[in-house]
Amino acid sequence: MPAEKEMIFQGIPASPGIIIGIARSLNIDSEDVLPQPIADPENEIRTFKLAIDQVKKTLEETGKKINQRLGSEFVRIFEAQVMIASDKVWNDNIVIRIRKEKLCAEYIYHDEAQKVIRRLGESKDAYLRERMQDIESVTHRLIGRLKGEKRATLKGLRGSTVVLARYLYPGDLLPLTIRRNLGFATGIGGPTSHLALIAKSLSIPAVIGVGEVAERVKSGARVIIDGYKGVFVVNPSPETVRRFKKLKESENQLKRQLTQLKSKSAVTLDKKNIEIMANIELPNEIPKVLAAGASGIGLYRTEYMFLTRLEFPTFEEQYKTYSSVLRRMGGKPVVIRTFDMGGDKFPGAAGKGFELNPFLGWRAIRVCLDRPEVFKPQLKALLRASRWGNLSIMIPMISNYEELAAVRKIFEECKQELREQKKIFKENVPLGVMIEVPSAALIADSLAGDSDFFSVGTNDLIQYTLAVDRGNEFLSKLYQSYHPAHLMLIKKSVEAAHSRNIKLSVCGEMAADPIGAILLIGLGVDTLSVSFQSVGILKKIVRSVSYRESRRMAEHALQMRTNSEIERYMKNEIENRFPDLNSVMRFVMRG
Ligand code: PEP
Ligand code: MG
């Protein structure tokens, strides 16, 4: 890597923020694992067993620390890795191979791990693909132990630092939580990996997937990461440094402004109130949701409870979790969505067969209606927990009226069973429908008749309206939130909801994008629900625009033919009409 030349790399934005600092490489020097012959296999086996025990111990200790600092949800990652390190059949096989082949333990372990990783890599099941990361993580740790290599640590660092590594284990992020001005860039990892999830949850700016460069840049080099845009700069020129310093100043200024908005409500310039709620995957996000000034939780994705494990959570476990979420939100509204499994999310134990087209397959409410033994305990746990707060229940992926009728029937059965058991619950918990399939938007009138509220899931509504897989990076240009067809479906849903006097919220990513948010406000949406990181910015957006103008803009946009025409028009209007927002537009995370 040339010492001085400026180089700019595009990675994946994993967690927002900008760090201009000095690189600290955490890479293990040599990743080569060669088939070294060994003279004394029994001795090698002893060394291997000792190393495995040490890896297990470290993982357990890190899990405990994570539990103290982040809550129990993340501990599952470590539990999964301890299970891998303890796998008797696997470890016995390694011992047999060492004895037979008389080769070093690190080579044989690595070789076995690669075979499994290759197999998992071919799997269509996201749960199994996630396990790949865990196996890789355990293998790296073990090889490091066997080779006597120590990762560089973060001790003794001063000033702004960007940690670089091919991959960081979630445990590596722990020391980062107590330092400010720290971020990281990794060679591999996807936007929904554990690593990205934890970085966001800890508010550590991060760029992932920058490739080999994360391994080649040496400690001490000057670097910049831009977690909003996924940009990684090595050896920035004085001009680039100046530019990013200015950007950082604007970022700090914006953060100060947003702090002042925390206790303020989100009202437009012409006094229309828009509720800003937060989406959560894990209950440990609640303190941040409250600190960000959200007026409630607009979407709790309960399926995350089982995504890192093999079985469904029990009734008791769910009751405890939902009650605690409701209590911690202290009477603020909490919308809990029933399991949206399928598509790219399935617990190991769900017994899903192979599906050629999982997003058009056995997903969400379709699974729940087919599996009352999973659905009913969830509904009952929700009903039982309802007395601890302000709960609404939301049903994902409704595509026809029969499904809603079937849900209503089961919901009533659950209530009746609880009554017969003399269990306490609130009788009038609102039950709402997600509008995320075009057919639901088109029959919104009839759904609204039996629904207490609507929430539009634009992430899915876009993919199903435009036939564009939301997770396929090759199609990202075709995944268009402002596509007129998509906007028309939202408009139709809003009209149906309002004509029946029910509220409509939007909980997809479109709500966190300034142009998207303004279009949604203009279309008449009552509530926007976004991740806690976007709550402040969204309040600023709402307070900087007028409903009247936004409605005019949305109506005008609906007359246009294409996503890009609408985007150009909206950018132009925002720049001219809402100058307060020009500083905000840069600080939105974009994939
Ligand atoms: C959506 O589809 O927009 C949504 C909020 O749900 P999810 O992203 O969990 O599918
Ligand atoms: Mg969805």
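A few notes on this one:
- When the range 471-483 is filtered for residues that are assigned to a loop (DSSP other than H, G, I, E, B) and either more than 13 Å from ligand 1 (Cβ to nearest atom) or surrounded by fewer than 19 Cβ atoms within 10 Å (Cβ to Cβ) (or both), the ones remaining, listed by number, are 471, 472, 480, 482, 483.
- Contacts under 7 angstrom Cβ, first residue in the range 562-587 being touching a residue at least 40 places away in the same chain (Cβ under 8 Å), partner surrounded by 13 or more Cβ atoms within 10 Å (Cβ to Cβ) and charged (D, E, K, R), 6 or more apart: 584/540; 587/251
Rundown of residues vs (1) within 23 Å of the chain's Cα centre (by Cα); (2) part of a helix (DSSP H, G or I); (3) hydroxyl-bearing (Ser, Thr, Tyr), yes/no style:
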position: 485; (1), (2), (3): no, yes, no
position: 489; (1), (2), (3): no, yes, no
position: 493; (1), (2), (3): no, yes, yes
position: 533; (1), (2), (3): yes, yes, no
position: 536; (1), (2), (3): yes, yes, no
position: 539; (1), (2), (3): yes, yes, no
position: 554; (1), (2), (3): no, yes, no
position: 557; (1), (2), (3): no, yes, no
position: 574; (1), (2), (3): no, yes, no
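- Of all the residues in the range 437-461, those that are near ligand 2 (Cβ under 10 Å from one of its atoms) and without any contact (Cβ under 8 Å) to a residue 60 or more places away in the chain number 4.
- Taken over the range 91-124, the criterion of being assigned to a helix (DSSP H, G or I), more than 32 Å from the chain's Cα centre (by Cα) and hydrophobic (A, V, I, L, M, F, W, C) is satisfied by 94, 95, 96, 98, 105, 108.
- Answer residue from the range 427-443, given it is more than 16 Å from ligand 1 (Cβ to nearest atom) and over 17 Å from residue 337 (Cα atoms) and is surrounded by the fewest Cβ atoms within 10 Å (Cβ to Cβ) among those: 427
- When residues of the range 385-413 are limited to those that are farther than 13 Å from residue 336 by Cα and in contact (Cβ under 8 Å) with a residue 60 or more places away in the chain, the one farthest from ligand 1 (Cβ to nearest atom): 388
- Test set (1) of a type outside the set (Phe, Trp, Tyr); (2) surrounded by fewer than 21 Cβ atoms within 10 Å (Cβ to Cβ); (3) part of a helix (DSSP H, G or I) - residue 561 fails condition number: (3)
- Scope the range 204-260; condition charged (D, E, K, R) and either within 17 Å of residue 185 (Cα to Cα) or touching an Asp or Glu at 6+ places or on another chain (Cβ under 6 Å) (or both); matching residues: 212, 215, 216, 218, 222, 226, 229
- Cβ separations smaller than 6 Å between residues 6+ apart or across chains give the following pairs from the range 206-217 residues that are within 17 Å of residue 172 (Cβ to Cβ) to residues that are of a type in the set (S, T, N, Q) and in a strand (DSSP E or B): 206/15; 208/186; 214/186.
- Scan of the range 301-312 for residues that are surrounded by fewer than 20 Cβ atoms within 10 Å (Cβ to Cβ) and at pLDDT below 90, ordered by number: 304, 307, 309, 310, 311
- The residues of the range 486-514 that are away from ligand 2 (no atom under 16 Å from the Cβ) and either among the polar types (S, T, N, Q) or touching a strand residue (DSSP E or B) at 6+ places or on another chain (Cβ under 6 Å) (or both), listed by number, are 494, 497, 499, 501, 502, 503.
- Scanning the range 164-187 for residues that are more than 19 Å from the chain's Cα centre (by Cα) and modelled with pLDDT of 90 or more yields one hit, 164.
- Among (1) surrounded by fewer than 19 Cβ atoms within 10 Å (Cβ to Cβ); (2) hydrophobic (A, V, I, L, M, F, W, C); (3) away from ligand 2 (no atom under 16 Å from the Cβ), the one test that residue 385 misses: (1)
- Test result for residue 394, under 21 Å from residue 282 (Cα atoms), among the aliphatic types (A, V, I, L, M) and modelled with pLDDT of 95 or more: yes
- Flag if residue 577 is among the basic types (Lys, Arg) and either farther than 30 Å from residue 253 by Cα or at pLDDT 95 or above (or both): no
- Failed condition for residue 505, given (1) farther than 21 Å from residue 278 by Cβ; (2) in contact with a helix residue (DSSP H, G or I) (Cβ under 9 Å, 6 or more places away or on another chain); (3) among the polar types (S, T, N, Q): (1)
The values are calculated or read from the model by the stated rules, or taken from the named source; none is laboratory data. Fair warning: this is a prediction, and the values are worked out from it, not measured in the lab. All Cβ positions, glycine included, derive from the backbone under ideal geometry; neighbour counts span all protein chains shown.
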